[in-house]
1. Explain nothing, just the number: dipole magnitude of the chain about its Cα centre with +1 on each Lys and Arg Cβ and -1 on each Asp and Glu Cβ, in debye rounded to the nearest 20.
2. Provide the net charge surrounding MET163, with neighbours chosen by a C-beta distance below 13 Å and charges set as Lys +1, Arg +1, Asp -1, Glu -1.
3. Using a simple spin-label model with points 7 Å from Cα along the Cα→Cβ vector, what separation in nm is obtained for HIS16 and ARG38?
4. Full extension from GLU161 to GLU100: what is 0.36 nm times the residue separation minus their Cα-Cα distance, to one decimal in nm?
5. Can you tell me, using C-alpha contacts under 8 Å and at least 6 residues apart, the relative contact order of the chain as a whole percent?
6. GNM, the chain, Cα, under 10 Å: largest mean-square fluctuation among ASP158, ASP51, ASP92?
7. Test of understanding: what is the full-extension gain from GLU170 to ARG8, defined as 0.36 nm times their sequence separation minus their Cα-Cα distance?
8. Using 1/(1 + (r/R0)^6) with R0 = 22 angstrom and r between the beta carbons of ILE132 and HIS52, what's the FRET efficiency to the nearest 0.05?
Amino acid sequence: MKLLETPRLNLISTTHEHAHFVQKLVTSPKWIKNIGPREVDTDEALTKFVDHIIASQEFEMGVGQFIIQRKSDKELLGVCGAYKREGLEEADIGFAVLEEFERNGYAFEASQAVLQNIKTLKSMTKIQGITIPENIPSIKILEKLGLSFVKMISLPNDSVELMLYELNLEAT
């Protein structure tokens, strides 16, 4: 089901049909380096992971994961969405594309659509973003979206230091 659209992309809800694409993305070297490993090495673990993604989708509130699909050829490129994470006060805008599709503006374009949808729904007053300091492309996207660096944080049960960004949606 298509939920959002940009000139080049369809943003569609994650379903079990996307399980193997999700597995390919979350086991890619860039995902593991920048976001962290996900235990999806068995069919059972993959199904549980995708079930969690599907269960957390609240698109009427603007929260959930979209699959980024290129309109021209229906190629699946990555994921983007607003995620509720333990340890964050607000939803976190997140994005990732497969390495072969990087540097084409897809992550920014998809994130911009998600952010605009949240603003239109008026379902949130703030949006946050997190990234490791070494992930310069993500930092650039967050800043281009209008988020500003707030402080360094660590999420519960994780020792990795993350940069916390934030955007007041009522001021935009």
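Values in this text are rule-based calculations from the coordinates and carry no lab data. This one's a predicted model, so the numbers in the text were calculated from it and none came from an experiment. Here the Cβ is made from the backbone with ideal geometry for all residues, glycine too, and neighbour counts use every protein chain on show.
1. Working: 19 positive and 25 negative charges, 111 e Å.
My answer is approximately 540 debye.
2. Working: positive: LYS140, LYS151; negative: ASP92, GLU134, GLU143, GLU161, GLU166.
That works out to -3.
3. Output for this residue pair reads 1.7 nm.
4. Working: separation 61, 0.36 × 61 = 21.96 nm, distance 2.74 nm.
Length gained, GLU161 through GLU100: 19.2 nm.
5. Values: 285 pairs, mean separation 30.6, N = 172.
It rounds to 18 percent for the chain.
6. ASP158
7. Details: separation 162, 0.36 × 162 = 58.32 nm, distance 2.80 nm.
Result for the pair: 55.5 nm of gain on full extension.
8. Details: r = 22 Å, r/R0 = 1.02.
Once the sixth-power term is evaluated, E becomes 0.50.
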